[in-house]
Amino acid sequence: MIPAEITLLLAIKLHGQQMRWGDSEPYVCHPIRVANAVYMMTKDVRLYQAALLHDAVEDTDLTLEDLLYKYNCPPAVGRIVDALTKRDCESREDYLTRLKAYDDRGISLIKMLDSFDNAMQTKSAIDYLKDNGRNPKNVRDKYIATAKELFELHDYGPTVTFHINNIFEY
């Protein structure tokens, strides 16, 4: 099984030259922020690894089979990555319904923190959204609504709840 440090290097390798919001930052910064927040709140290495890889199957050439067999990813991490991967023909509503059906706090927490990170828009993100015909406020509101919906599913315990409530207030 790959250690957490190697998972970080794998995420960097997989996302390689991808850029976020046009060309404002390396894409890999996003899963790193999500993973760091997950680990800060839970101290769970398995969730940290899954958060690092949460977009890898969806946004790179990596397959779940490669993740499990070529890179020797722990099956529990692979299961979470698979759950978080939006399918090509899946609507947002169907995706969220599927996520909720897992009834898994870890999966919900990673998606919640992913949604928060997506909602935190820099000036370049706002410009990118506007240039692509999208309303930044509507995009932000959609991500916050997703986070709230997932937050209401579980009791995350006092530490995670404290942090999440502070993010909502922000």
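The values are calculated or read from the model by the stated rules, or taken from the named source; none is laboratory data. Predicted model, so just to flag it, every value in this text is computed and none were measured. Cβ coordinates were reconstructed from backbone atoms using ideal geometry, including for glycine residues, and neighbour counts include every protein chain displayed. Protein only, heavy atoms only, side chains kept; ligands, DNA and RNA dropped before computing areas. Shrake-Rupley method; radii C 1.70, N 1.55, O 1.52, S 1.80 Å.
In the stretch 5-50, what count of residues is obtained for those that are open to solvent by 20 Å² or more (accessible area, probe 1.4 Å) and part of a helix (DSSP H, G or I)?
18
Restricting to the stretch 140-169, name every residue that is closer than 25 Å to residue 43 by Cβ and open to solvent by 80 Å² or more (accessible area, probe 1.4 Å). Outline the logic, then answer.
From the stretch 140-169, those closer than 25 Å to residue 43 by Cβ are 146-148, 150-169; that's our starting set.
Hits for the stretch 140-169 are 148, 152, 155, 158, 162, 169.
Would you confirm whether or not the stretch 128-139 contains a residue that is farther than 29 Å from residue 4 by Cα, open to solvent by 40 Å² or more (accessible area, probe 1.4 Å) and in contact (Cβ under 8 Å) with a residue 40 or more places away in the chain?
First, pick out the residues of the stretch 128-139 that are farther than 29 Å from residue 4 by Cα: 128-139.
Of the ones still in play, those that are also open to solvent by 40 Å² or more (accessible area, probe 1.4 Å) are 128, 130-135, 137-138.
Checking the rest, the ones that are also in contact (Cβ under 8 Å) with a residue 40 or more places away in the chain come to 128, 131.
Yes, the stretch 128-139 contains at least one residue that is farther than 29 Å from residue 4 by Cα, open to solvent by 40 Å² or more (accessible area, probe 1.4 Å) and in contact (Cβ under 8 Å) with a residue 40 or more places away in the chain.
Out of the stretch 108-128, which residues are over 20 Å from residue 96 (Cβ atoms), in a helix (DSSP H, G or I) and either hydroxyl-bearing (Ser, Thr, Tyr) or more than 19 Å from the chain's Cα centre (by Cα) (or both)?
Residues satisfying the conditions are 123, 124, 126, 127, 128.
Is there a residue being within 28 Å of residue 159 (Cα to Cα), hydroxyl-bearing (Ser, Thr, Tyr) and in contact with a helix residue (DSSP H, G or I) (Cβ under 6 Å, 6 or more places away or on another chain) anywhere in the stretch 108-116? If you could, list the steps in order and put the result at the bottom.
Here is the first cut: in the stretch 108-116, the residues within 28 Å of residue 159 (Cα to Cα) are 108-116.
From the residues that got through so far, the ones that are hydroxyl-bearing (Ser, Thr, Tyr) too are 108, 115.
Subset that is in contact with a helix residue (DSSP H, G or I) (Cβ under 6 Å, 6 or more places away or on another chain): 108, 115.
The answer is yes; a qualifying residue exists.
Does at least one position in the stretch 61-70 carry a residue that is over 19 Å from residue 117 (Cα atoms), part of a helix (DSSP H, G or I) and among the aromatic types (Phe, Trp, Tyr)? Before the answer, list the steps.
Initial filter on the stretch 61-70 (over 19 Å from residue 117 (Cα atoms)): 61-70.
Filter once more, so that each one left must be part of a helix (DSSP H, G or I): 64-70.
Adding the requirement that they be among the aromatic types (Phe, Trp, Tyr) leaves 69.
Checked against the condition, which is being over 19 Å from residue 117 (Cα atoms), part of a helix (DSSP H, G or I) and among the aromatic types (Phe, Trp, Tyr), the stretch 61-70 yields at least one hit.
Based on what the data block shows, is residue 71 free of Cβ contacts under 8 Å to residues at least 40 places away in the same chain, farther than 21 Å from residue 168 by Cα and not acidic (Asp, Glu)? Quick ask: steps written out before the conclusion?
Details: free of Cβ contacts under 8 Å to residues at least 40 places away in the same chain: no; farther than 21 Å from residue 168 by Cα: yes; not acidic (Asp, Glu): yes.
In short, no.
For residues that are within 19 Å of residue 34 (Cα to Cα) and either assigned to a helix (DSSP H, G or I) or over 15 Å from the mean Cα position of the chain (by Cα) (or both), tally how many sit in the stretch 75-94. Show your work before the answer.
Quick first cut of the stretch 75-94, residues within 19 Å of residue 34 (Cα to Cα) only: 76-86.
Then keep just the ones that are either assigned to a helix (DSSP H, G or I) or over 15 Å from the mean Cα position of the chain (by Cα) (or both); that gives 76-84.
Summing the residues that are within 19 Å of residue 34 (Cα to Cα) and either assigned to a helix (DSSP H, G or I) or over 15 Å from the mean Cα position of the chain (by Cα) (or both) in the stretch 75-94 gives 9.
Under 8 Å between Cβ atoms, which residue pairs at least 6 apart in sequence (or on different chains) link something in the stretch 37-61 that is among the basic types (Lys, Arg) with a partner that is assigned to a helix (DSSP H, G or I)?
The qualifying pairs are 46/76; 46/77; 46/80; 46/106.
Considering only the stretch 93-104, state which residues are surrounded by fewer than 19 Cβ atoms within 10 Å (Cβ to Cβ) and in contact (Cβ under 8 Å) with a residue 24 or more places away in the chain. Let's see the steps before the verdict.
Let us first name the residues in the stretch 93-104 that are surrounded by fewer than 19 Cβ atoms within 10 Å (Cβ to Cβ), namely 93-98, 100-104.
Those that are surrounded by fewer than 19 Cβ atoms within 10 Å (Cβ to Cβ) and in contact (Cβ under 8 Å) with a residue 24 or more places away in the chain: 96, 100, 103, 104.
Test residue 87 against the criterion of being within 20 Å of residue 167 (Cβ to Cβ), open to solvent by 10 Å² or more (accessible area, probe 1.4 Å) and either in contact with a helix residue (DSSP H, G or I) (Cβ under 8 Å, 6 or more places away or on another chain) or without any contact (Cβ under 8 Å) to a residue 24 or more places away in the chain (or both), and give yes or no. So that I can check it myself, show each step before the final result.
On the way: within 20 Å of residue 167 (Cβ to Cβ): no; open to solvent by 10 Å² or more (accessible area, probe 1.4 Å): yes; either in contact with a helix residue (DSSP H, G or I) (Cβ under 8 Å, 6 or more places away or on another chain) or without any contact (Cβ under 8 Å) to a residue 24 or more places away in the chain (or both): yes.
Against the criterion (within 20 Å of residue 167 (Cβ to Cβ), open to solvent by 10 Å² or more (accessible area, probe 1.4 Å) and either in contact with a helix residue (DSSP H, G or I) (Cβ under 8 Å, 6 or more places away or on another chain) or without any contact (Cβ under 8 Å) to a residue 24 or more places away in the chain (or both)), residue 87 does not qualify.
Looking at this structure, is residue 136 within 19 Å of residue 20 (Cα to Cα) and over 18 Å from the mean Cα position of the chain (by Cα)? Spell out the reasoning first.
Working: within 19 Å of residue 20 (Cα to Cα): yes; over 18 Å from the mean Cα position of the chain (by Cα): yes.
Considered against the rule, which asks whether it is within 19 Å of residue 20 (Cα to Cα) and over 18 Å from the mean Cα position of the chain (by Cα), residue 136 comes out as yes.
Could you tell me whether the stretch 112-125 includes any residue that is among the aliphatic types (A, V, I, L, M), farther than 20 Å from residue 4 by Cβ, open to solvent by 60 Å² or more (accessible area, probe 1.4 Å) and touching a Lys or Arg at 6+ places or on another chain (Cβ under 7 Å)?
Kept after step one, since they are among the aliphatic types (A, V, I, L, M), are these residues of the stretch 112-125: 112-113, 119-120, 125.
Next, from what is left, pick out any that are farther than 20 Å from residue 4 by Cβ: 112, 119-120, 125.
Add one more test, that the residue is open to solvent by 60 Å² or more (accessible area, probe 1.4 Å), and what stays is 120.
So of that shortlist, the ones also touching a Lys or Arg at 6+ places or on another chain (Cβ under 7 Å) come out as none.
Within the stretch 112-125, none of the residues are among the aliphatic types (A, V, I, L, M), farther than 20 Å from residue 4 by Cβ, open to solvent by 60 Å² or more (accessible area, probe 1.4 Å) and touching a Lys or Arg at 6+ places or on another chain (Cβ under 7 Å).
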